[in-house]
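Trainee: I'd like to ask you about the structure that follows.
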Amino acid sequence: MRKVISDTAAHVLSDATAVLALVESNERSLDDALDSSLAHPELRRTVSSLLFAYFRHKRLVDGWLAGLAARPPRSRLRRLLAATLTQIRFQSGIAPESAVNVAVELAKALGGRGEAGFVNALLRRAVAAPPVVQETPEEVFPPELLSRWQRSRSAEELAAMCRAFLAPAAFTFRAEREFEPPDEWAVRPIACRGPYRFFESDEPGIVLQSGALREGRIYIQDPATALAPSLPVMTGVRRVLDLCAAPGGKSLLLAERMESGATLTAADRSARRQKLTQENFRCRGLEFPVVVAEPRELTGSFDLVLADVPCSNTGVFRRRPDALWRFRESGLREITALQNEILEAAALRVAPGGQLVYSTCSIEPEENAGQIERFLSAHPEFEAAGGEQLLPSTEHDGAYAFLLRRNSKSMRR
């Protein structure tokens, strides 16, 4: 039994350091790496728990490591140490002394006795004197984002966002149509925008094993996702386009509000992710077309267009804590340029008198209100119909959505 435990612990730590390498190189996001790059995928939940804890406490762990090491260790060794320090300070599934032993053996296998001795000495000191955790924005958020948020957010908002970042996100789902979650799921209703029904459960395993997800009776998503689909007026809407649709979550939200006989086209550039959209439609008996195309390649005229554009993901840091550490101002400029292109393409597909919803899961003004201001100044044929910015909280993710209406007498370009 001890050998099995030791092997499992070694697999977890080895996979965690490999995933960290992919994330730090910007080759993949944390979710993508966990989905596709684990040598031991059966341990995904454990590896995920470890790495989520690391990114939530990255400033503390990295600072702790810097104080323990006389000189910066090589990248491979630094990742191993960071993951082990996270286990020592923030996880209870493995005893600190056992975590040290596993790390030493991995270091020996990777770099020989010299590296193993260094790891052993450093981690023994760490176990003897763990740091005090300071749960303040100044001690938690990445410096680059902290600086920009201090200019745009109040101290109260920053403190609330910090609490949300450090608290693991609850398991939430939407009950579709008339489905009622059974009593054994032990669910609690969650407030959301629109006519939707969201629930939180402390027993995700029971929910997922029930078959309700596979049968299209529930959809796993955060209540903040309901913001954008709740904005348009659906009366008289016959043709709907979701032009960044995959994997189909917001398309399903729109479909629940569509009048009988209305149609929806789900478009996205990713063929791989559109397979998920097709499956989500299929298990719900929806026969909407699923198209693989760039936004600018689409044709046709629609009463409602949803542009849920790619973004920096700073609003969903509860479920993607690595996004905050991958944020760069240069990357923000690139993503806002892409958002601009998509919004322009979306406008071409809106029929006179139609509606356009722009949305992101970001909380950065340049991606949200700034985009709307730019768009309206360049498009007098559209008028503002209102929107909202949700900040991340312990109840929901962050999100932004804005509704635009095209003048019924405007000529299409």
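We did not get these values from a lab; they are worked out from the coordinates using the rules stated. Remember, predicted model here, so these are calculated numbers, not experimental data. Neighbour counts run over all protein chains shown; Cβ positions are idealised from the backbone, glycine included.
Trainee: Two decimals, Cα atoms only, Kirkwood Rh: what is Rg/Rh over the range 2-128? Intermediate values should be presented prior to the final figure.
Mentor: On the way: Rg = 13.4 Å, Rh = 14.4 Å.
Rg/Rh for the range 2-128 comes to 0.93.
Trainee: Could I ask something else about it? Explain nothing, just compute: Karplus ³J(HN,Hα) = 6.51 cos²θ - 1.76 cosθ + 1.60, θ = phi - 60°, for every residue of the range 394-406 in order, whole Hz, x for Gly and Pro.
Mentor: After applying 6.51 cos²θ - 1.76 cosθ + 1.60, I find 6, 9, 7, 6, x, 6, 9, 8, 9, 9, 10, 10, 8 Hz.
Trainee: Using only the Cα atoms of the range 322-391, what semi-axes does the equivalent ellipsoid have when each is the square root of 5 times a gyration tensor eigenvalue? Give whole Å, largest first. Don't skip to the answer; put the middle values down first.
Mentor: Working: eigenvalues 118, 35, 21 Å².
Its equivalent ellipsoid spans semi-axes of 24, 13, 10 Å.
Trainee: On to the next question. Please list, in order along the range 191-205, the HN-Hα scalar couplings obtained from phi with the Karplus expression 6.51 cos²θ - 1.76 cosθ + 1.60 (θ = phi - 60°), rounded to whole Hz, x for Gly and Pro.
Mentor: Residue by residue, the range 191-205 yields 5, 8, 7, x, x, 8, 10, 10, 9, 10, 9, 8, 10, x, x Hz.
Trainee: Highest GNM mean-square fluctuation, the chain, Cα pairs closer than 10 Å: which of ARG296, ARG59, ARG148?
Mentor: Highest fluctuation among the options: ARG148.
Trainee: Please give the length that would be gained between ARG282 and VAL132 if that part of the chain were fully extended, namely 0.36 nm times their separation in residues minus their C-alpha to C-alpha distance (nm, one decimal).
Mentor: Details: separation 150, 0.36 × 150 = 54.00 nm, distance 5.10 nm.
Here the answer is 48.9 nm.
Trainee: Would you mind calculating the gained length between LYS275 and ASP183 on full extension (0.36 nm times residue separation, minus the Cα-Cα distance), in nm to one decimal? Display every interim value, and only then the final one.
Mentor: Details: separation 92, 0.36 × 92 = 33.12 nm, distance 3.27 nm.
That pair, LYS275 and ASP183, stretches by 29.8 nm at full extension.
Trainee: Applying the Karplus parametrisation 6.51 cos²θ - 1.76 cosθ + 1.60 with θ = phi - 60° to the phi angles of the range 251-259, what ³J(HN,Hα) value in whole Hz is obtained for each residue in order, glycine and proline being reported as x?
Mentor: Values, residue by residue: 4, 5, 5, 5, 4, 5, 9, 6, 6 Hz.
Trainee: Now for a separate question. Rounded to whole Å and ordered largest first, report the semi-axes of the equivalent ellipsoid of the range 223-406 derived from its Cα gyration tensor (root of 5λ).
Mentor: 24, 20, 16
Trainee: Please list, short to long, the whole-number percent of alpha-carbon pairs of the chain in consecutive 20 angstrom bins beginning at zero.
Mentor: 24, 52, 22, 2
Trainee: For the range 271-316, what is the Kirkwood estimate of the hydrodynamic radius, computed as the reciprocal of the mean inverse distance between distinct Cα atoms, to one decimal in Å? Numbers along the way, then the final one.
Mentor: Details: mean 1/r = 0.0768 Å⁻¹.
Here the Kirkwood hydrodynamic radius works out to 13.0 Å.
Trainee: Translational D (Stokes-Einstein, µm²/s) of the range 77-227 at 4 °C and 1.567 mPa s when Rh comes from the Kirkwood sum over C-alpha pairs?
Mentor: Numbers: Rh = 19.4 Å.
Approximately 67 µm²/s, per Stokes-Einstein.
Trainee: Filter the GluC sites (Glu not before Pro) in the range 1-102 to those in DSSP coil with at most 13 other Cβ atoms within 10 Å of their Cβ, and list the result.
Mentor: Details: sites: GLU24, GLU27, GLU42, GLU97; in loops: GLU27.
Filter output for the range 1-102: GLU27.
Trainee: Per residue, how much space in cubic angstrom lies within the convex hull of the C-alpha atoms of the range 206-267? Provide the component values of the computation, followed by the final result.
Mentor: Details: hull volume 5.8 nm³, N = 62.
Output value, Cα hull per residue: 94 Å³.
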